[in-house]
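Structure, as structure tokens:
What follows draws every value from the coordinates through simple rules; no lab data is involved. All of these numbers come straight from a predicted model, not from anything done at the bench. Ideal geometry is used to build each Cβ from the backbone, glycine not excepted, and the neighbour counts take in all protein chains shown.
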Amino acid sequence: MITLERVKESRVLKQYMISGNQYIGNIGAIEHNMKHAEWTANLCRDILFKVGADEREAELGAIAGYLHDVGNLVNRYGHGLSGAMIAFYVLLELGMDYGEIATIMGAIGNHEEQAKGSSVNRVAAALILADKSDVHRSRVRKRDKSAFTQRDRVNFAVTRSYIKVENDKGLISLIMRIDAEVCSVMEYFEIFLTKMMMCRRAANYLGYEFALVINNHRLL
Ligand SMILES: [Fe+2]
Ligand SMILES: [Fe+2]
């Protein structure tokens, strides 16, 4: 069975993930580096475990999490769709089970709000939650604050962000700390509302309510 460790050995994937991140960096996008891939992989696996998935489904989540942004190589727009196709080709070459490839393709192809991503399966739902929670100042590449876009500023304002799954309350929470000197909570909300709605639907798909907690205030 193909594991995340095996996928990480793929030189072609590593090359495309690095090039993709470089290309979108050239047009000013925030970091989508190996750290983001690893974070998403680990968190996606963790969320699936906590909502009761078995080991294999959680491993598929980790693989989807690791690969989800590989499509940036082709274009920032539609990178979920192109990423799903790149993953298809590479995972097929590695000899992965066809049904498992399908799960991962559906998840990667549905992680973007611009491409109307939806939780088409449990891995897709966990991937949305894991990916959207990686908002942090370390992802902003620009050093010159006057060149910040609104999205850069919002990311820069976030000093802490994590997901909490509480089975007893049936609740998945995204908990954040925002430096209100850099951006207001309202500004965060304005920019990330679509992402947060996507997270809510993802949590619902997994059978949980969703909460967004910023600076100790529950906003959703
Ligand atoms: Fe993405
Ligand atoms: Fe991502």
Under the helix-only model (-39500 (n - 2.57) for each DSSP H run of 4 or more, divided by the residues of the chain), the mean residue ellipticity at 222 nm, to 500 deg cm²/dmol, is -17000 deg cm²/dmol
Which chymotrypsin sites (Phe, Trp or Tyr not before Pro) in segment 64-103 pass both tests, a DSSP loop state and at most 15 other beta-carbon atoms within 10 Å?
Y77
Three-way shape label, segment 127-220, alpha-carbon gyration tensor, a/c 1.5:
prolate
What shape does segment 70-159 take by its C-alpha gyration tensor, where a ≥ b ≥ c are the square roots of the eigenvalues and a/c under 1.5 counts as rounded, a/b above b/c as prolate, and the rest as oblate?
prolate
Along the positive direction of the dipole of segment 1-58 (beta-carbon charges: Lys, Arg +1; Asp, Glu -1; about the Cα centre), which of G28, N42, A58 reaches farthest?
G28
Could you give the dipole magnitude of segment 124-196 about its Cα centre, charging the beta-carbon of Lys and Arg +1 and that of Asp and Glu -1, in debye to the nearest 20?
280 debye
Give the shape of the chain as rounded, prolate or oblate, defined through the alpha-carbon gyration tensor: a ≥ b ≥ c are the square roots of its eigenvalues, a/c under 1.5 means rounded, and otherwise the shape is prolate if a/b is larger than b/c and oblate if not.
oblate
With unit charges on the beta carbon (Lys/Arg positive, Asp/Glu negative), name the residue among L206, M17, I101 whose Cα is farthest towards the positive pole of the charge dipole of the chain.
M17
For the chain, give the magnitude of the charge dipole about the Cα centre (Cβ charges: +1 Lys/Arg, -1 Asp/Glu; no others), in debye to the nearest 20.
640 debye
Need the C-alpha centroid separation for segment 1-59 versus segment 180-201, integer Å.
24 Å
Picking from L92, G71, H217, whose Cα lies most toward the positive end of the charge dipole for the chain (charges on Cβ: Lys, Arg +1; Asp, Glu -1)?
H217
Net charge near A58: determine it from the other residues with C-beta under 12 Å of the C-beta of A58, scoring Lys and Arg +1 and Asp and Glu -1.
-1
Average projected area of the Cα convex hull of segment 152-206, in nm²?
4.0 nm²
How much length is gained on full extension from E187 to S19, taking 0.36 nm per residue of separation minus their Cα-Cα distance?
57.3 nm
Set K132/K164; K116/K169; K14/K35, cut-off 23 Å on Cα-Cα distance; pairs above it are K116/K169
Around R160: net Lys/Arg minus Asp/Glu count, Cβ-Cβ under 11 Å
+1
Taking segment 1-49, which GluC sites (Glu not before Pro) meet the DSSP loop condition and have no more than 16 other C-beta atoms within 10 Å?
E9
